[in-house]
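What follows is calculated from the coordinates using simple rules that are stated; it is not laboratory data. In this text, all values refer to a predicted model and were calculated from it rather than measured experimentally. Reconstructed Cβ throughout: ideal geometry from the backbone, glycine too, with neighbour counts over all protein chains shown.
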There are 2 protein chains.
Amino acid sequence: MDTQLQDLKDRLATIKDLGSAVALMSWDQDIHMPAGAAQGRAQQMSTLSRLHHDHFTDPAIGRLLEDLEPWAADQPYDSDGAALVRKMRRDYDREIKVPSEFVARFTKARSIANSVWPTAKQENDFAKFAPHLEEIFGMTAEYAGYVGYTDHIYDALLDGYEPDMKAAQVEAIFIPLREETVKLVQAVRESGQAVDVSCLSGDFDHDTQLALATKMVQAFGYDMNRGRVDEVAHPYCTNFGRDDVRITTTVDPTFFNSNFFSMLHECGHALYEQGSAPALEHTTLAGGVSLGIHESQSRLWENLVGRSRSFWAWAYPQVQASFHHLRGVPSETFYRAINVIEPSLIRIEADEVTYNLHIMLRFEIEKAILEGKVKIADLPQEWDQRMENYLGVVPSTVAQGVLQDVHWSLGLIGYFPTYSLGNIVSVQLYEAAKAAHPRLEDEFAQGQFGAVLGWMRENIHVHGSKFTPNELLKRATGSEIDSAPYVAYLKRKVADIYGV
Amino acid sequence: MDTQLQDLKDRLATIKDLGSAVALMSWDQDIHMPAGAAQGRAQQMSTLSRLHHDHFTDPAIGRLLEDLEPWAADQPYDSDGAALVRKMRRDYDREIKVPSEFVARFTKARSIANSVWPTAKQENDFAKFAPHLEEIFGMTAEYAGYVGYTDHIYDALLDGYEPDMKAAQVEAIFIPLREETVKLVQAVRESGQAVDVSCLSGDFDHDTQLALATKMVQAFGYDMNRGRVDEVAHPYCTNFGRDDVRITTTVDPTFFNSNFFSMLHECGHALYEQGSAPALEHTTLAGGVSLGIHESQSRLWENLVGRSRSFWAWAYPQVQASFHHLRGVPSETFYRAINVIEPSLIRIEADEVTYNLHIMLRFEIEKAILEGKVKIADLPQEWDQRMENYLGVVPSTVAQGVLQDVHWSLGLIGYFPTYSLGNIVSVQLYEAAKAAHPRLEDEFAQGQFGAVLGWMRENIHVHGSKFTPNELLKRATGSEIDSAPYVAYLKRKVADIYGV
C-alpha cells in the first residue's frame, strides 16, 4: 500500500499547492492588485480553480481510494493514514459531482462580483451589485443541485463548511438561542444601567493601533516569522500552508474596537492554522476542519480571552501607554465599554449577545432566497425589516445594511451560521481548557496565554482535519455541540456588566 | 481549423495563467512572504512550474501544431494565427526536451537559492551561498544537456533568453565593443576633466524620492491603474498579463541615482508589457519577445531619454523642488554628475560606458564555469581579478563583488549578455524613432514623451512575441543588430561631458 499511499499524497500535495496559489491570488487582489487587472485576475483564478478541481476529481484518485480503503480500515481510526483516506473519500465523493466547467465559471463570477462589491458598498449603490448577487445565488443553487441534498437545499451548502451539519439542526439550535438572546437584550434594557462607551471613540493613531494589536497577537502566540498583517476592507485570515498564515485587519483611526478586536479574532484563526501538525502539512488534512471549529478559535481569543477581566488587567496599562487620552479613564469604565451590549447595525462590531441575531437574519435571508421566497431586488427592504424586528435598529444606507459583508460577493452562502456555531463551541472548549488548567485566567493577568494555547494546540489545532467537527468536539470535551454553556456564559457577562 | 486553433488557444491560456501564478508567488516571496514560509513556497512554485511544463509539453499540443501548420503556412506571415503556430512550434520543440521532474527540481533549487542569497549578501558570506550556486550551475548544465546545442553549451542557455542568438555572435559583438569602450575610458581619464558628483549624495528623503520617480514614470506613460511600485533589494519588473505590470525598485535615502534611474529603467520594461496588443493577451504571443529587446526599452527610457539634456531641462526644476539642497546646484553640474563616466563596482549603478565591461566579465565567468575552467569556490577571486583587469577597481566585500546580482540565485545563467545587446539595440530603435519624429527631444523638454512612446508602441510593443528579435529589429529599423550607432552615441556622450 506504500506506493498507492505515496501516490495519493503526491496528488494531494499538488491539489494543496494549487489551492495555495488561488488563495495567494485572492489575497493579492484584496491588498495589492491594481484595479485594471480585475478581469485578468478573475481569469487566472478561474483557470487555477478549474485545475484544482480537475486534479481533485481525477478518476485515478477514486481508484487509489478503492485500493487504500481496505488497508485504511485496518489502521487505527485516529492514525493519519486512516484519516487521510476517510476524509479524501468524503471530499472526493462531494467534488466529483460538480462539473469542471461550472467550477471555472463560478470562480470567475465570484472574482468579478468581489471586485464590484467594494465600489458598490463605497458608493452605497445596491443596484450596482444586485446583478452579481443574482448570478451568485443562481450559481449557488446550481451548485447545490450538483452536490445534492435530502431535506433542504441549504444542507448542500452548509455541509461544505460544516461537515455533517444540517439546516434543521441549525434551526433547532437557533430557536432557543434566539429566545434566550431576546430575554437578555430585554434584561439589559430594563436594567436601566447605561454603559459609557465614549472612551472608545477619539483619536486613535493608525500606526499605534496596529503596533499595539500586533504586540497582543504575538503575546497570544501568533508567529510573525510564519505570518504577517495587512489592511483590507473586511478582515480575514488566509494561509498558504502552516508556515504562511496571514492576518488581514482594518483600522479606524477614530474608534478603538475595529482594529483591536479584529486582530484578536483573526489571530484565533491564525493560531489554529499555525498549530496544525507538521506531519499533516501538504495534505488535505492540514489546517482547520470546519468554519465552526475555526470560529470557535477566533471567538475564544477575541471574546473569552480578549474581553475578560483578567486579560484587561494586563492589557489596559499598555493601551493607556499607547493612547494617552485613556490615562484618565478608569479600567472599569474601559472594561464595561468594550463589553457594552447594545443592538447595532454592523455584525463584526456587534456585542457578544446581539451578534447571533445578525447571523440568524442572514441565515433566514439566504434560505428564503434559495427557496424562491425573496427576490434579490427586495433584499434591502428584507434586510431592514428583519433588523427592525430582531434588533430594533434600521440602517440608513445599504453600505451599513445588506452590502456590509464581503461573504456573498465571494459566493460564501451557507457560511454565516457557522459563526454562531463557533460562538457556542468556543465556550465548550474554553471551559474544558479551564477545567484542565483552573488558574489560566490568573495567567492572563500576567500576559501569559500558554495554558489556553497549549490546550487548544493539543486538543484541536494539531489534529488539522483528521476528525469531523463533531468527533473533534467529543474527543476534546466529551460532549456534542451544546448551547447551554454559551448561554450561561452570556448570562454571567450580562450580570457582570449590567448587574442583572 | 477553427476548432483546433481554439483548442490551442485554450491550452495556451491555461499555460499563461499558470505562469502568472508562479510569477505572483515569486513577487510575493520578494516583497511580502514571511521568512518561515520559504520551504513551503519553494514547494508550491515547484509544483506549479511542473504543471506549467506538463501543460506546455502535452502531446496534444504537438498534434494540434501538426494539424495547424499547413493552415498557418497559408496565412500572412505577420498574422496573429501564423505567428502563434510558428512561435509555439519553436517553444514546444524546446520544452519537450526537458523532463518534467527536472523542472520541478530546478524550480525548487532556485527558490531556495533565491531565499538564501539576500542573507548571504547581507552577511557578506560567500560560503553560505556557494553550495546553492554550485547546485544552480550544475543543474543549468544539466538543462543545457536536455535542450541541446551544436557549438557551445552556452548557446543552449542564451537561446532561451534571446532566440537565435549564439555565444559566438555575442563574442563577435563584444570584442570590438570592448576595444572601443577601453579607448573611451582612456579618453575620459586623459581628458583631465573631473566631474563633481557630490550633488547626488546627501539627504534624499525616502518618500519624496519615490513620489518624484513615480511622477516621472507616469509622465513617460506608465499606467498605474494597470501597475504598481514596490521596494525590493534588486529591482525588476514583473507582470501577470498586460493589465498587471508591476515595477519594483530600491531607495537609498543618501543617494539620488538608485531609485530614480532604477524606476526609469523598470518603467521601460513595464511600458513594453503594458503596450502588448490586447488581441495577443492570454496567449504565448503576449508580452516582450526577448530579454535583449526588453532591455532596449528599459535602457532607452533610463539613458537615451533619462540622461538626455532635453529630459533634464524639464525634470531638473522638479528635482530641485523636491530636494531643496539642490537649489543652489546649477543644472549643468547636475547633468554632468548623472552622466559621470567612472569605473565602479556595482553593475546597476555603472555609467553607460563602463556598464558593458561588467557584462563581459559575467559572460566570461559563466562560460568558464560551464566549460569547467573555473570552480565555484574560486569565484570571488576570479571576479576580483577581472574587475581589476577591466575596470581597475576591486571590491572589498563579496556583497559588492560576486554576490551583488540576484540573477544566479534565480538560475538566470546566459542572461547577462542580453543587457549589452539591449544597450546596442536601444540606440538603433531610438534613432529610428527620431528619424520619424525629428523634434521628439524638443518635446522631452516640455515633459512630452508621447512621440517616442508612440513609435515604440507601434513598432515594438504591440507585436508582443510575434516576431523573432532579429525580425522585429529589421521591421522596425531596416537593420540587423549593429553596435556602430551605439558606439557613436557613447562617443557623443563622452564628447559632451568630457570635451574629448
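Quick notes
- Axis-nearest residue of A (beta carbon) for the A-onto-B rotation, whole Å: A:Ala21, 2
- Under the Karplus curve 6.51 cos²θ - 1.76 cosθ + 1.60, θ = phi - 60°, whole-Hz ³J(HN,Hα) for the range B:114-123, x wherever Gly or Pro sits: 5, 8, 7, 3, x, 5, 4, 5, 4, 8
- With Cα atoms, 0 to 90° folded angle of helix B:59-74 axis to chain B main axis: 80
- Relative to the longest principal axis of the Cα atoms of chain B, the long axis of helix B:38-56 makes an angle of roughly 60 degrees.
- Inter-centroid distance (Cα atoms) of the range B:358-416 relative to the range B:242-278, Å: 26
- Estimated purely from DSSP H runs of n ≥ 4, each contributing -39500 (n - 2.57), the mean residue ellipticity at 222 nm for chain A is -20500 deg cm²/dmol once divided by its residues.
- Label spacing, shortest first and in nm, from B:Lys373 to its equivalents in the remaining copies (7 angstrom along Cα→Cβ): 8.4
- Look at the alpha carbon pairs under 8 Å that are at least 6 residues apart: their mean separation over the length of the range A:2-148 gives a relative contact order of 26 percent.
- If you wrap the range B:451-498 in the convex hull of its Cα atoms and look at it from every side, the mean projected area works out to 4.2 nm².
- For the range A:184-267, averaging the sequence separation of C-alpha pairs within contact (under 8 Å, six or more residues apart) and dividing by the residue count gives a relative contact order of 33 percent.
- As a proxy for reagent exposure, ranking A:Asp252, B:Asp155 by other Cβ atoms within 10 Å from fewest up yields A:Asp252, B:Asp155.
- Nonlocal amide H pairs with B:Asp230, under 5 Å, H built at 1.01 Å: B:Ile247, B:Thr248, B:Thr249
- Applying D = kT/(6 pi eta Rh) to the range A:352-433, where Rh is the Kirkwood radius over alpha-carbon pairs, T corresponds to 37 °C and eta to 0.692 mPa s, the Stokes-Einstein value obtained is 238 µm²/s.
- In order through the range B:263-279: 3J(HN,Hα) via Karplus (6.51 cos²θ - 1.76 cosθ + 1.60), integer Hz, x for Gly, Pro: 5, 4, 4, 5, 4, x, 4, 5, 4, 4, 5, 5, x, 4, 4, x, 5
- Inter-chain Cβ neighbour count for B:15-21, averaged per residue, equals 6 (cutoff 10 Å, partner chain atoms only).
- Between helix A:450-459 and chain A: long-axis angle, C-alpha atoms, 0 to 90°, nearest 10: 30
- Geometric descriptor of the range A:293-412, per residue, is 139 Å³ (volume of the convex hull of the Cα atoms).
- In plain terms, the residue of A:Thr14, B:Thr107 with the fewest other Cβ atoms within 10 Å comes first and the most crowded comes last, giving A:Thr14, B:Thr107.
- Between the listed residues A:Ala144, A:Phe129, A:Leu157, the Cα displaced farthest toward the positive end of the dipole of the range A:127-166, a dipole computed from Cβ unit charges relative to the Cα centre, is found at A:Phe129.
- A point 7 Å from Cα along Cα→Cβ stands in for A:Ala60, and the other copies hold the same point at 1.5 nm, listed in rising order.
- Remark: B:Met88, B:Met139 ranked as B:Met139, B:Met88, counting other beta-carbon atoms within 10 Å and listing the fewest first.
- Value of Rg to Rh for the protein assembly as shown, rounded to two decimals, is 1.00; Kirkwood radius and Rg both from alpha-carbon coordinates.
- Kirkwood Rh, angstrom, the range A:167-498 [1 / mean 1/r, Cα pairs]: 20.4
- The mean of 1/r over all distinct Cα pairs in the range B:61-188, once inverted, gives the Kirkwood hydrodynamic radius of 18.3 Å.
- Debye intensity ratio I(q)/I(0), log10, the range B:338-382, q values 0.19, 0.27, 0.32 Å⁻¹ (C-alpha model): -0.63, -0.91, -1.08
- Pairs exceeding a 22 Å alpha-carbon distance, out of A:Lys434/A:Lys474; B:Lys434/B:Lys493; A:Lys108/A:Lys367; A:Lys108/B:Lys16: A:Lys108/A:Lys367.
- Listed residues B:Val103, A:Ala277, A:Gln404: farthest to the positive end of the dipole of the protein assembly as shown (Cβ charges): A:Gln404
- Cβ-vector label at 7 Å, B:Asp205, separations to other copies in nm: 1.8
- Within the shell of other residues whose beta carbon sits under 12 angstrom from the beta carbon of B:Pro176, the net charge comes to -2, with Lys and Arg scored +1 and Asp and Glu -1.
- The Stokes-Einstein estimate for the range B:2-132, based on a Kirkwood radius over Cα pairs and taken at 37 °C with 0.692 mPa s viscosity, is a diffusion coefficient of 196 µm²/s.
- Each Cα pair under 8 Å and six or more residues apart adds its sequence gap; the mean of these over the residue count of chain A is a relative contact order of 19 percent.
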